[in-house]
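Only the coordinates and a few stated rules stand behind these numbers; no lab work does. Every value quoted in this text rests on a predicted model; they were computed, and no experiment measured them. As a convention, Cβ positions derive from the backbone with ideal geometry for all residues, glycine included, and neighbour counts pool all protein chains shown.
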Amino acid sequence: MLDVFLFATLNGLVTGLLLFMLASGLTLIFSMMGVLNFAHASFYMLGAYFAYSISSYLGFWIGLLLAPVIVGILGALVERYGLRHVHRHGHVAELVFTFGLAFLIEELVQFFWGRDTKNYQQPDILDFPLFTLFGQEFSAYRGFMIFISVLIFIGLYYLLTRSRIGIIIQAAITHPHTVASLGHNVPLIFMGVFGVGSALAGVAGVIAGPVLTTFPGMAVVLGSIVFVIVVIGGLGSLAGAFIASLLIGLLQSYAIASDLGMQDLLALLGVSFERSHPLNDLWTLTLPQIAPILPFLLLVLVLIFRPTGLLGKREE
């Protein structure tokens, strides 16, 4: 039982930190620009595909360096030549634009790379067990994923809260005219923020591609979960996104690893159904079966009891 709990915790941390890598870019873009980017998971997919192509010729590590840069440049161009012109028409126009962009990117990926799953592999240097406990191995690549995720959180938190660049960026969203009068190029700042946010999604794609497989639907798989994380953590809160990512990762991992059924949970609540009852099918469900919907149930609870999110600021 202890080994199941331990490895469920480790796998939950890996999943949660991977989700944070993806959510961090979306949180950065929203907190700095007020844009909820529906195409964010598509940049994550582009990161995986670019890394796959680059690694086929130059190796995994070159792909890890170049793919996020390419995705970041594409994100900056999207902001400069698309989103910037849509911004003046309000949030609805932004949502429609990014929603359409997500479909466009998916079609382009299928056009250039095809519809099949790509054989994108982790580097050979990390293809060994980091440690072994209770007869089970924890791979070095998963440890590498944890390291990169924590590094991104520390770097972003320092950049936004302790550096001069972070102060300028945060001032640009609340007092753009003042920042502009001080000699800073506010449109360039916004373009850079969107580019960096897209590059962070690209990093998540590069890291996740070998583990979660690289295929045209990978953006759809994690796209909705990312928005759940951002809302649960609190819109624009980096620390909130970090906590929410870990919560969802651990929640799903524990549910998948458990052998509990709804019959056991309902019995604890003193609830039972007759065989003829319409809800009797609930009796046969197990936690592993409902694991995919647990993040959305958590979202409902958070919206009921704390609508601003875990670390979101309440509007005055």
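What ranking, highest mean first, results for peptides 303-309, 93-99 when packing means the other Cβ atoms within 10 Å averaged over each residue?
Answer by packing, highest mean first, reads 93-99, 303-309.
For the chain, which semi-axes, largest first and in whole Å, follow from the square roots of 5 times the eigenvalues of its Cα gyration tensor? Before the final figure, lay out each step's value.
Details: eigenvalues 238, 131, 75 Å².
Its equivalent ellipsoid spans semi-axes of 35, 26, 19 Å.
With unit charges on the beta carbons (Lys and Arg positive, Asp and Glu negative) and the dipole taken about the Cα centre of the range 2-259, which residue among Ser56, Leu19, Ile165 sits farthest to the positive side? With unit charges placed on the Cβ atoms, the residue in question is Ile165. By how many degrees, 0 to 90 and rounded to 10, does the Cα axis of helix 2-33 deviate from the longest principal axis of the chain? Once rounded, one gets 30 degrees. Against the chain, whose longest principal axis is taken from its Cα atoms, helix 186-212 shows a tilt of about 30°. Each peptide in 2-11, 236-245 receives the mean, over its residues, of other Cβ atoms within 10 Å, and ordering these scores from highest gives 236-245, 2-11. How tilted is helix 140-161 with respect to the longest principal axis of the chain? Cα atoms for both, answer in degrees (0 to 90, nearest 10). Long axis of 140-161 versus the principal axis of the chain: about 50 degrees.
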